[in-house]
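The values are calculated or read from the model by the stated rules, or taken from the named source; none is laboratory data. Just so it is clear, the structure is predicted and the values come from calculations on it, not from any experiment. Backbone-built Cβ (ideal geometry, glycine too); neighbour counts: all protein chains shown. Side chains included, ligands, DNA and RNA excluded: accessible areas come from the protein's heavy atoms. Shrake-Rupley method; radii C 1.70, N 1.55, O 1.52, S 1.80 Å.
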Amino acid sequence: MARLVMKFGGTSVADLDRIRNVARHVKREVDAGYDVAVVVSAMSGVTNQLVAWCRDAAALHDAREYDAVVATGEQVTAGLLAIVLEGMGVNARSWQGWQLPILTDNAHASARILDVNGAELIKRFEERKQVAVIAGFQGIHKETGRITTLGRGGSDTSAVAIAAAIKAERCDIYTDVDGVYTTDPRVVPKAHRMDKIAFEEMLELASLGAKVMQVRSVELGMVQNVRIFVRSSFVKPEDINPRANFLGTLICDESEIMEQQVVTGIAFSKDEAQISIRRVEDKPGVAAAIFGPLADASINVDMIVQNVSADGATTDLTFTVPSADYERARVTIEKAKGTIGFERLDGATDVAKVSVIGIGMRSHAGVAAMAFKALSEKKINIRAITTSEIKFSVLIDAAYTELAVRTLHTLYGLDKA
Ligand code: ADP
Ligand code: ASP
Ligand code: MG
């Protein structure tokens, strides 16, 4: 029998009515003959509340206890959905990560999945036609026996890992939008849904700010070759024919996409901070003196701009870090002032990174240059630029984010017809 993974995010299970709606989606696929593993998130807002409680309990807390707390959100939804399914006459049971188990490493709060016991699920499909309702976001570290979580948005990764483990025909990611759009449809109403997007492009979109899929889930899907389909849980379950074409976005191999656009999507992130080190001594070893301590502190540095010194003696160096790490990064640099040698440190947290993504950029010149001109016409100043094979990013004042995204969306012909 064909197997299917159905994942439902927080807004899709926000209350009991929505959970009943989810159950009807599940029943539809069961009735169509699929063996189904459902992966659920916590009810919307619950994980945020749990995270806030941990912070209030102690600003600096044990990551193992954080995981013990935040993993509970998913446990509630899994149990509730199993109860509702049973009430509808669908044989179902809930699974927590440790019960199956879903084994992870011990990087608490951002653990990686090592193994999923798919055999147990398959056995139950075969023996009792039982739907598995699995709590997303969580697993267990075998050696310590402690509960782990996979990082925010991690239920997507649970779903893709389970799909790989049971060799599912597809992994359906049900959310509050009906697919992957050219940019966040909440910010740009003219954004349009794509029928297909390549793994590599989705990976860039996700890592550059589009939260529709967790980055690791896309990575895993790419490596394990899982067919991921992003779709809406808000469509009436009864209006969908599981055997016909339904609306959504397939994340697939590049070779499956016939008409490749130069630019496929635009992502943005306001979770950036800029640090500029003024009048750094221009001598060998300075970059190592700056970025070494940041790496030791596990601070991810993204964009880096170093000016050529005018006087041959000093220069300015600018880089970005996640805004959550801004204060730590400043302190780290100040501490290393003696070895680095600089005049002063300037910083800004009201900055945003806007990124343009498309596999077609590999074979087209001048794509970024068009953006620089269009942004300058809107009087948007660019603070830093980075480019790679299939994307480029600009750092701008956060206040201009929406304007910049809309401008570029129109520029590259992405507006809905
Ligand atoms: P879930 O709770 O179902 O996991 P998320 O809130 O994590 O849902 O992700 C869905 C949201 O992602 C959408 O509501 C949308 O605002 C946002 N989003 C950002 N960029 C995009 C994009 N390019 N396409 C679709 N949605 C996007
Ligand atoms: N509930 C978790 C979160 O909010 C995991 C998820 O929804 O994917 O981050
Ligand atoms: Mg999500």
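Report yes if Lys353 is open to solvent by 10 Å² or more (accessible area, probe 1.4 Å), over 17 Å from Glu281 (Cβ atoms) and within 25 Å of the chain's Cα centre (by Cα), otherwise no.
So Lys353 passes the test.
Starting from the range 396-409, take each residue that is more than 15 Å from Ala348 (Cα to Cα) and list its partners that are of a type in the set (Asp, Glu) and open to solvent by less than 60 Å² (accessible area, probe 1.4 Å), counting only C-beta distances under 9 angstrom and pairs at least six apart or across chains.
Going by the 9 Å Cβ cut-off, the qualifying pairs are Arg406/Asp415; His409/Asp415.
What pairs come up if the first residue lies in the range 348-362 and is free of Cβ contacts under 8 Å to residues at least 60 places away in the same chain and within 20 Å of Val263 (Cα to Cα), the second is open to solvent by less than 10 Å² (accessible area, probe 1.4 Å) and part of a strand (DSSP E or B), and their beta carbons are under 7 Å apart, counting only those six or more places apart or on different chains?
So the pair list comes out empty.
Could we say that Val180 is closer than 15 Å to Gln214 by Cα, away from ligand 2 (no atom under 15 Å from the Cβ), open to solvent by less than 10 Å² (accessible area, probe 1.4 Å) and among the β-branched types (Val, Ile, Thr) here?
Spelling it out, Val180 is indeed closer than 15 Å to Gln214 by Cα, away from ligand 2 (no atom under 15 Å from the Cβ), open to solvent by less than 10 Å² (accessible area, probe 1.4 Å) and among the β-branched types (Val, Ile, Thr).
Please state which of the following conditions Gly209 fails to meet, knowing it meets all the rest: (1) more than 24 Å from Thr387 (Cα to Cα); (2) within 16 Å of ligand 2 (Cβ to nearest atom).
Among (1) more than 24 Å from Thr387 (Cα to Cα); (2) within 16 Å of ligand 2 (Cβ to nearest atom), Gly209 violates only (1).
Go through (1) crowded, with 22+ Cβ neighbours inside 10 Å; (2) within 13 Å of ligand 2 (Cβ to nearest atom); (3) not in a strand (DSSP E or B) for Ala163 and report which single condition fails.
Here Ala163 meets the rest and fails (2).
Per-residue answers, yes or no, for (1) part of a helix (DSSP H, G or I); (2) within 30 Å of Gly413 (Cβ to Cβ); (3) open to solvent by 70 Å² or more (accessible area, probe 1.4 Å):
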{"position": "Glu201", "(1), (2), (3)": "yes, yes, no"}
{"position": "Leu220", "(1), (2), (3)": "yes, no, no"}
{"position": "Val223", "(1), (2), (3)": "yes, no, yes"}
{"position": "Val230", "(1), (2), (3)": "no, yes, no"}
{"position": "Ile251", "(1), (2), (3)": "no, yes, no"}
{"position": "Asp271", "(1), (2), (3)": "no, yes, yes"}
{"position": "Pro293", "(1), (2), (3)": "yes, no, no"}
{"position": "Asn300", "(1), (2), (3)": "no, no, yes"}
{"position": "Asp316", "(1), (2), (3)": "no, no, no"}
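Kindly indicate which of Val351, Val331, Val405 is assigned to a strand (DSSP E or B) and at pLDDT 95 or above.
Checking each option against the conditions leaves just Val351.
Residues that are out of contact with any helix residue (DSSP H, G or I) (no Cβ under 8 Å at 6 or more places or on another chain), touching a residue at least 60 places away in the same chain (Cβ under 8 Å) and closer than 13 Å to Val39 by Cα: does the range 167-176 have at least one?
Yes, the range 167-176 contains at least one residue that is out of contact with any helix residue (DSSP H, G or I) (no Cβ under 8 Å at 6 or more places or on another chain), touching a residue at least 60 places away in the same chain (Cβ under 8 Å) and closer than 13 Å to Val39 by Cα.
Looking only at the range 272-289, count how many residues are in contact with a Ser or Thr (Cβ under 8 Å, 6 or more places away or on another chain) and in contact (Cβ under 8 Å) with a residue 60 or more places away in the chain.
So the count comes out to 9.
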